[in-house]
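Asker: Dropping a structure here in C-alpha cells format, bear with me for questions.
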Amino acid sequence: MNAATPHTFRTQVAIVGAGPAGLILSHLLADAGIESIVIDQRSREEIESTIRAGILEQGTVDLLTAIDPNTRVHTVGHRHDGIELRFQGEGHRIDFPGLVGRSVWLYPQHEVLKDMLALRLGAGQDLRFGVTATHVEGVDTDRPRVTATTADGEVLEIDADFVVGADGRPAPVVRPAVTGDSRSGYFREYPFAWFGILCEAPASADELIYSNSPNGFALVSQRSPEVQRMYFQCDPTATRMR
C-alpha cells in the first residue's frame, strides 16, 4: 500500500477526531446499532497525556455515568458545589446546589479520554490513531468521503453516509466543508486572548475563581489536586508581558 493506491473503507458514520465529542458520539451510535470509524492525527499516548480542560458540568457527569456506571469521575474526580466571582474588589460565592440543585466536577479531560478510549477499544470500535484527515468531498451528496493519510504515508479513503467533524483544533478539515461556507464557516474571532500558566502546585483555592477588573479577565482554575492552571486576558498580538 502506498500514497498512490488509496485503501477504501465503508462505514455509516466517519468521525474525524477522537476527543470527548467524537468518542462519546461513537458510543451513542454503537448503542443505536450504527457503525462508525473514528480517526485522529494524534497517538493514543498524546491524547491521554495532553492537559486540557478540567471541569465537567452535571449533565456531562450524568452522561458519563450512564455510559459507564463505574466511571472514575466519582472516585478520582472532585465535586465542586460553587464558584467565586470577583469584581469591584469583592468576592461573591455562587452556590450551585442551593440555586439549581446541581454541581460541577473537577475531572480533567485527559482522564475522560483515558476512560472513553478504553471503553471504545474494548467494545471493538474501529479507532485509528496517527491518521490525519486531509480533505472531505461529496458533502452535498448521500456518500461523502474523507481522505486521510497515516503516519506511514498511506492514503485512506472513508466512504460514509455521514461525516462528523469533531476535530476541534486550530485548523480543522471537516468544519470548513460542512458549515455552509467552504472558505471560513461560521467563525468569530474575539479581539483578545488568554495567557495560560500550568504548574505543579497545590490548589490556590477550594473552588474556581473568576475575576474581572479594568485590566480584563482572570481565572484561577485547577486540573487536579497537584496540577493547577491560571489564565489572564491579554492582547493576542503581544509577544511578551510587561
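Asker: Looking only at residues in the stretch 1-35 that are among the hydroxyl-bearing types (S, T, Y) and surrounded by 18 or more Cβ atoms within 10 Å (Cβ to Cβ), which one is farthest from L198 (Cα to Cα)?
Answerer: Ranking the qualifying residues of the stretch 1-35, first place goes to T11.
Asker: Looking at V38, is it assigned to a helix (DSSP H, G or I) and surrounded by 17 or more Cβ atoms within 10 Å (Cβ to Cβ)?
Answerer: So V38 does not fit the description; no.
Asker: Among the numbered conditions (1) within 30 Å of A218 (Cα to Cα); (2) in contact (Cβ under 8 Å) with a residue 40 or more places away in the chain, tell me where G77 comes up short.
Answerer: (2)
Asker: Can I ask one more? Taking D115 as meeting all but one of (1) in contact (Cβ under 8 Å) with a residue 24 or more places away in the chain; (2) more than 17 Å from the chain's Cα centre (by Cα); (3) outside any loop (DSSP other than H, G, I, E, B), write down the number of the exception.
Answerer: In the conditions (1) in contact (Cβ under 8 Å) with a residue 24 or more places away in the chain; (2) more than 17 Å from the chain's Cα centre (by Cα); (3) outside any loop (DSSP other than H, G, I, E, B), D115 misses (2) alone.
Asker: Additional query: Give just the number: which of (1) touching a residue at least 40 places away in the same chain (Cβ under 8 Å); (2) over 19 Å from the mean Cα position of the chain (by Cα); (3) farther than 25 Å from P225 by Cβ does V38 not satisfy?
Answerer: (2)
Asker: Quick check on P97: is it exposed (fewer than 13 other Cβ atoms within 10 Å of the Cβ) and either within 30 Å of A218 (Cβ to Cβ) or not assigned by TED's automatic domain parsing to the domain that holds V163 (or both)?
Answerer: Considered against the rule, which asks whether it is exposed (fewer than 13 other Cβ atoms within 10 Å of the Cβ) and either within 30 Å of A218 (Cβ to Cβ) or not assigned by TED's automatic domain parsing to the domain that holds V163 (or both), P97 comes out as yes.
Asker: Oh, and also: Based on this model, can you work out whether T75 counts as surrounded by fewer than 17 Cβ atoms within 10 Å (Cβ to Cβ) and modelled with pLDDT under 95?
Answerer: Spelling it out, T75 is indeed surrounded by fewer than 17 Cβ atoms within 10 Å (Cβ to Cβ) and modelled with pLDDT under 95.
Asker: Does any residue of the stretch 78-94 turn out to be closer than 16 Å to E48 by Cα, assigned to a strand (DSSP E or B) and touching a Leu at 6+ places or on another chain (Cβ under 7 Å)?
Answerer: Checking the stretch 78-94: not a single residue is closer than 16 Å to E48 by Cα, assigned to a strand (DSSP E or B) and touching a Leu at 6+ places or on another chain (Cβ under 7 Å).
The values are calculated or read from the model by the stated rules, or taken from the named source; none is laboratory data. Being a predicted model, the structure only gives us computed values, none of them experimental. Every residue, glycine as well, gets a Cβ built from its backbone with ideal geometry; the counts of neighbours run over all protein chains shown.
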